[in-house]
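Structure record follows, encoded as structure tokens.
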Amino acid sequence: MLKAMKKLFSLFLGILIALTISAEQMPEGYYNSIDGKKDAALKTAISKVICGGRRYKYNAQDGKTHSEDKVDSCTGDTLWKKGEPRYGTWHAFPVTDVESDGSIWDMYSNIKRYCPIDGGSAASVDIEHSLPKSWWGGEAGCLSAFSDLYILNPSDHMTNTNKSNYPPGVLADSSKVNNGVFFMGTDKTWGGLAFDVIDEYKGDFARAYFYTATAYENVTWVADYKKYINNDSYLGFTDHLIEVLLAWHRKDPVSEKEVNRMDIVSSIQHNRNAFIEYPDLVEYIWGNKKGEAVDLSKLTCTTDGTYNFPVSATNPLAHEAKEVTKDGFVANWSNTGAASYELNVFTREESGKNDTLFAVSGMNGTALKANADIMTFHKADGSQITSTQGITDGTYAIIMGNASESRYFLLQNLDFSKEGTELVLKCAISRNDTKPQQMVVSADEKEIKTISLTANDSFPRFVIPTGTQKVKIASVKGHRISMHQMFVIRGDYKVTETSLAGFPVTVNGLEYEVNTPMKKDAKLYYRVKPNSLRATNTVEVTYKEPAPQAVEQLSTTPEINTQKVFENGVLIIIRNGVKYSVMGQRL
């Protein structure tokens, strides 16, 4: 899987020409200062090692250059410098969070989506803080944490909306969300809402929480969340949350996916997650080794080549093909304890592409000014509004209309010449409004659709007619709507997989000889499902013809030790005791 991930990583590096990233390994001596420490002193020592570093700006950015240096008041570190490329977190996700088939690695749902490769955002996907940003005050509380890729993940929009700022927990039910990957319901201890995930991702979330509590331990977290956080203890979390996180950390050991992601994030930010690299450190601070001093030389390290990555029915692993010849190959995989495995061998064809033509993920006056050539905001009489008062609920928002007037957005200077262009909006109504609130979307003054928004209908999307010049999004007079995000996307990218004749096939062992003609440089793929559960990574198989053997040519320079003789009627040349044919080939 590691080779497959690195191969995929190289593919994306080739695409992201403007963004040069190479996976960064742990610097020598990086953690030496934590050796011999324990408890609070250990946590502080780790914090000094892993806190800080550089950052991409939160959200999508245009790839232009920063206009000024940015020093984080929270950590004192320079996050970016004037003149450097202005990359956003969406620039990182195509290399930090991709499955082996190129789709977004979403720990919040099993919906297949693909990242645009230009730094634009993907439709119906949010940038989610795995540990809620409201717990420490968000961007204003600590900008470094707000943009930290160790905390950020691409997530299904609807799941993220439901997750809100609720904690991980032990659920009595999953009545609010149950999509097969992510679950929400009543926590057995707190009584309020909490979330849970499949076992495969429990450790990922837990180690992100432990990282945040350690890297940013000097930040005073928001007192409103005292059920979950404890500012009076170096542990950072309350007892029940520590109990949940420890259980998740132990149930789901560090995976190869986490290590690969850490190396790539480290190459961007130049800091590491100690609890991925040395998972035992969790026990020394929060777990069963509290009070013991750390001996770094005896800790399990996941990046030194000795760590055995866990394999299970919920985290199966296929390996690189063996014995690849023109007549086939041997597919193989790790033992998950399953009684049988379903092996599928197939071809893949990619067509189309995904484009994000326009993306604003936080609406305020700054967003209007930055996108003035594309998006403008107007009163009903047509006069333009350039300064707005944003409201904050995770993201900024612009209020469209009130009891006395309507307002509208105007989109122009976008390429609507191709079919399949969609407008995607994230909007909401006031909590005090019990009736649906309406807005009208028009293309070149012709109404496309009237949308009635309720509390449960906040992500409308629709196709823009081909050839449209201007799109108008207007609230109905007297209706209050807040606009949070706006995307214009065009995506017809798809992957077609065609199984070879006779596949899928059920296999009782851990390898299978695939007999099929392998054309030079043509690609085949395989993946495995143990007991028809979650599939493994996809392995690419390519046949390369053996390179012709090098021919040692006979020197044309006369030598004393060269002689010509006949052997069995064939003329050969002996030079310094070595036999050659007259064509110079060594015999």
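The values are calculated or read from the model by the stated rules, or taken from the named source; none is laboratory data. Every value quoted in this text rests on a predicted model; they were computed, and no experiment measured them. Neighbour counts run over all protein chains shown; Cβ positions are idealised from the backbone, glycine included. What goes into the accessible areas is simple: the full protein's heavy atoms, side chains included, and nothing from ligands, DNA or RNA. Shrake-Rupley method; radii C 1.70, N 1.55, O 1.52, S 1.80 Å.
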message: Take the residues in segment 241-251 that are touching a helix residue (DSSP H, G or I) at 6+ places or on another chain (Cβ under 6 Å) and touching a residue at least 60 places away in the same chain (Cβ under 8 Å); name whichever of them is surrounded by the fewest Cβ atoms within 10 Å (Cβ to Cβ).
response: W248
- request: Give the residue that is farthest from R272 (Cα to Cα), with candidates limited to residues of segment 175-213 that are among the hydroxyl-bearing types (S, T, Y) and open to solvent by less than 40 Å² (accessible area, probe 1.4 Å).
  value: Y201
Residues (open to solvent by 30 Å² or more (accessible area, probe 1.4 Å) and either closer than 30 Å to T434 by Cα or not aromatic (F, W, Y) (or both)) located in segment 510-529: L510, E511, E513, N515, P517, K519, K520, D521, A522, K523, R527, K529
- prompt: Which condition does F462 not pass, out of (1) touching a residue at least 12 places away in the same chain (Cβ under 8 Å); (2) part of a loop (DSSP other than H, G, I, E, B), if it passes all the others?
  reply: (2)
task: Pull up segment 491-509, narrow it to residues that are more than 15 Å from A331 (Cα to Cα) and aliphatic (A, V, I, L, M), then point me to the one that is most open to solvent (accessible area, probe 1.4 Å).
output: A501
- request: Taking W221 as meeting all but one of (1) part of a helix (DSSP H, G or I); (2) open to solvent by 10 Å² or more (accessible area, probe 1.4 Å), write down the number of the exception.
  value: (1)
- prompt: Which condition does L149 not pass, out of (1) touching a helix residue (DSSP H, G or I) at 6+ places or on another chain (Cβ under 6 Å); (2) modelled with pLDDT under 90, if it passes all the others?
  reply: (2)
- line: Every listed condition ((1) modelled with pLDDT of 85 or more; (2) part of a loop (DSSP other than H, G, I, E, B)) holds for G394 save (1)
message: So G287 ticks every box in (1) modelled with pLDDT under 95; (2) in a loop (DSSP other than H, G, I, E, B) but one. Which box is left unticked?
response: (1)
field: Wholly enclosed helices (runs of 4 or more DSSP H) of segment 236-284 bearing at least 2 residues under 20 Å from D196 (Cα atoms) and modelled with pLDDT of 95 or more
entry: 239-251
- request: Could you please let me know if I127 is of a type outside the set (S, T, Y), closer than 24 Å to L246 by Cα and either open to solvent by 20 Å² or more (accessible area, probe 1.4 Å) or touching a residue at least 24 places away in the same chain (Cβ under 8 Å) (or both)?
  value: no
statement: Going through (1) open to solvent by 50 Å² or more (accessible area, probe 1.4 Å); (2) at pLDDT 90 or above; (3) under 30 Å from T498 (Cβ atoms) one by one, D373 fails only at (3)
field: Residue selected from segment 491-523 under the condition of a type in the set (D, E) and part of a strand (DSSP E or B), by the criterion farthest from A359 (Cα to Cα)
entry: E513
